[in-house]
1. Give me the number: length gained by fully extending R218 to S395, i.e. 0.36 nm times residue separation minus the C-alpha to C-alpha distance, one decimal in nm.
2. Measure off 7 Å from each Cα along the Cα-to-Cβ vector at F342 and L62, then give the distance between these two points in nanometres to one decimal.
3. Is the shape of the range 3-150 rounded, prolate or oblate, going by the alpha carbon gyration tensor and its root eigenvalues a ≥ b ≥ c, with a/c under 1.5 for rounded and a/b larger than b/c for prolate?
4. Which of the peptides 380-387, 275-282 is most tightly packed, and how do the rest follow, judged by the mean count of other Cβ atoms within 10 Å per residue?
5. Sorted by packing (mean other beta-carbon atoms within 10 Å per residue), highest first, where do 19-31, 203-215 land?
6. At 7 Å along the Cα-to-beta-carbon direction for both V25 and V335, put a label point, then send me their distance in nm to one decimal.
7. Please report, in debye to the nearest 20, how large the charge dipole of the range 3-150 is about its Cα centre when each Lys and Arg carries +1 at its beta carbon and each Asp and Glu carries -1 there.
8. Identify, among T157, L58, A96, the residue whose Cα sits farthest towards the positive end of the charge dipole of the range 26-177, taking +1 on the Cβ of Lys and Arg and -1 on the Cβ of Asp and Glu, with the dipole about the Cα centre.
Amino acid sequence: MKNDEKVYVAILVGSVVVSALLRLVPTSSRATASAVVGIAFVVGACANGAIQLAVALLLALLNYGFTPRSMRRAGAFALAFGHLGILRVLEEPQGATNAALLVLVLRLASLGDVEEGPRSAAELIRYACCYHGLFTAPWYTYAQWSEAMRAPQPLPTAGVLGRAALKALGAVVLYLSVKYLFSPYEHAFDVKEWEYWSFPAWARFSFFYISSFQFRWRFYVCWLVMRISALLIGFASTSNVDLVATELCTSPSGYIAGWNMSVQAWLKAHVYRPLPRSTPRVARQLAVFLVSSFWHGVQPGYYLCFAGMLVMVNVEALARSELLPLLPPWATRGVLGALLAFTCHIWTMACFCFTGIAFNLLQFTDILSAWHSFSYYGVWLTAVPGVFLLCLRVSGLSSFVHSPPLAAPVPLPLPAMPANEGEREEEEEGTSAAVVKRRGKSPSASKRPKATPRVSESPRRLQTTHLHLNTGGAPSPEAAISPSRRNPEMPSPRRNPEPSPRGRSAAPSRTRAGAR
């Protein structure tokens, strides 16, 4: 086990132990205690790198104390990422220092909120230095942290903690099994040596997928262990990954939404939404992926990786808008629907594995060499469907198939309902007499049973639509029931013997109450 791995194991185990012990500390002192533990973790894991984190914290304090309130949000974002960019260019932080700096930048950049931000410089330091997730994520807002420190969630039950521990333990076992099972073939996972070893195509793809699998589950282990820490400390939101959404995803957006969810929330709140409303969706996505790339580093591999993700997400959007409407309903159900979902899953994971090479190798020449050994299959998997779907959009076929009819039928206006029962009977009798006069039949032969409003025929509708009418002397549900359906044991509702001078507009009648 490498030194960095030992450091992370100590941090993970120590976070769980401290979270359990922190329940014994009074709520008035928990925030300070969590900050002291976080500072101890930083000094022990980062050594001299702790100075870089201290500088970032000092810049945030200066912004909090001297920047006008109207510019505090922009100042916090600019100072946090500006300091990070300088460190990337001058001296790239490594190991635990880089991990802690990434999380600290997210916390400090989100402290510009005047309404829900810290009320003092000491409170800012407590939030920024909290040990929970400082090296591994999740990121959480100041409001979430303050609630967990001063009004934590109840201690979880043994069943909840047991299930969380089993998930974390299962992830650890799976990760270590894959790692040590293929440790004799460690050279096979070094993409730079593939040309020397002359592996066949099937071996390269196998080693490549296993390497990607191991890379993902290393992060799963950290996040699942930190979920136990979050449950013990009392956070309301504890999950940072959705294993089902990532490992069984059927679309790139589904995978991204389930991966490192707290950072996705930060990007949405501080990059995507603050842009002007007139900004196109693609431009918003481009800004999000650029900020995420810069947050990870300045090497070209990060930008190539997130550029590939941007293309994948937009190909998915084209497929949903142009191709999916053309499919018949039976093609998305049953066996064919399962086959379609499986095909989408394979396409998504294959594309993510291809772009993941850039994230791992970072250097441009190494990335091109690795992509060349795979015949640039990821480029073809996104370029061919993308061009085809763009042609569909230009042709307008999907919009033509699902276009509305040229002349939509105009609904007939509903006849005006009489104000009370007497007027309704007179109107029906007059209508019946007119029909009989035209047809030459007797009124008694053509007389039909009186029609009642449709609402009054349904007792369930009466319960849901008339309950709000039983206040202020308004008609009750029983008043809307027609005489033919009224319970004989139920007393007949009283009628107003003197109609209002204004006629129909004076008060809602029983028929109108039923229509409402």
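Coordinate-derived values only; no laboratory data. The structure presented is a predicted model; accordingly, all values stated were derived computationally and were not measured. With ideal geometry, Cβ positions are generated from the backbone for all residues, glycine too; neighbour counts draw on all protein chains shown.
1. Working: separation 177, 0.36 × 177 = 63.72 nm, distance 4.54 nm.
Computed gain between R218 and S395 is 59.2 nm.
2. It works out to 6.0 nm between the two label points.
3. Working: a/c = 2.22, a/b = 1.11, b/c = 2.00.
It comes out oblate by the Cα gyration axes.
4. For the peptides 380-387, 275-282, the packing ranking is 380-387, 275-282.
5. Numbers: 19-31: 14.8, 203-215: 16.7.
In decreasing order of mean packing, 19-31, 203-215 become 203-215, 19-31.
6. It works out to 6.1 nm between the two label points.
7. Values: 11 positive and 9 negative charges, 72 e Å.
Charge dipole of the range 3-150: 340 debye, to the nearest 20.
8. T157
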